[in-house]
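The block underneath contains the structure these notes are about, expressed in structure tokens.
The values are calculated or read from the model by the stated rules, or taken from the named source; none is laboratory data. Every value quoted in this text rests on a predicted model; they were computed, and no experiment measured them. Neighbour counts run over all protein chains shown; Cβ positions are idealised from the backbone, glycine included. Note: areas computed on protein heavy atoms with side chains; ligands, DNA, RNA excluded. Shrake-Rupley method; radii C 1.70, N 1.55, O 1.52, S 1.80 Å.
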Amino acid sequence: MRGWAPSGALATNVEITSTSVQRGDVIQIGGQPCRVVNLTQLPGGAKRLHLESGELLTMHARTRLVALRMRRHW
């Protein structure tokens with residue numbers, strides 16, 4: 001994920017599962033921040049996360065991760 005850095009926008013750490021993960025969530029993999037750009041539903045409640053880097057990560061139904069989620073202002 002080149003050039004990404006947290007901006008002045010408000011962000012919060014949230015625990016995510018395959019049911020709560022959202023596009024735009026940022027997770028750390030190997031110490032590197034990775035932004036979720038798309039999601040694909042898989043059998044058994046799993047989801048495939050398409051990351052900005054082009055990599056894929058499968059979250060099984062019982063997987064729990066911590067993500068940085070930007071707060072939206074309306």
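Under the 0.36 nm per residue contour assumption, what length would be gained going from the current alpha-carbon distance of Leu56 and Val14 to full extension? Each step should come with its number before you reach the end.
Details: separation 42, 0.36 × 42 = 15.12 nm, distance 2.06 nm.
The span from Leu56 to Val14 would gain 13.1 nm if fully extended.
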Heavy-atom accessible area of the range 10-59 with neighbours in place, 1.4 angstrom probe: carbon+sulfur share in percent works out to 49 percent
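Starting from the residue with the highest accessible area, list Glu15, Glu52 in decreasing order, probe 1.4 Å. Mind dumping the intermediate values first?
Numbers: Glu15 120, Glu52 90 Å².
These residues rank, largest area first, as Glu15, Glu52.
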Once Lys and Arg are counted +1 and Asp and Glu -1 for all other residues with Cβ under 14 Å from that of Ala67, the total becomes +3
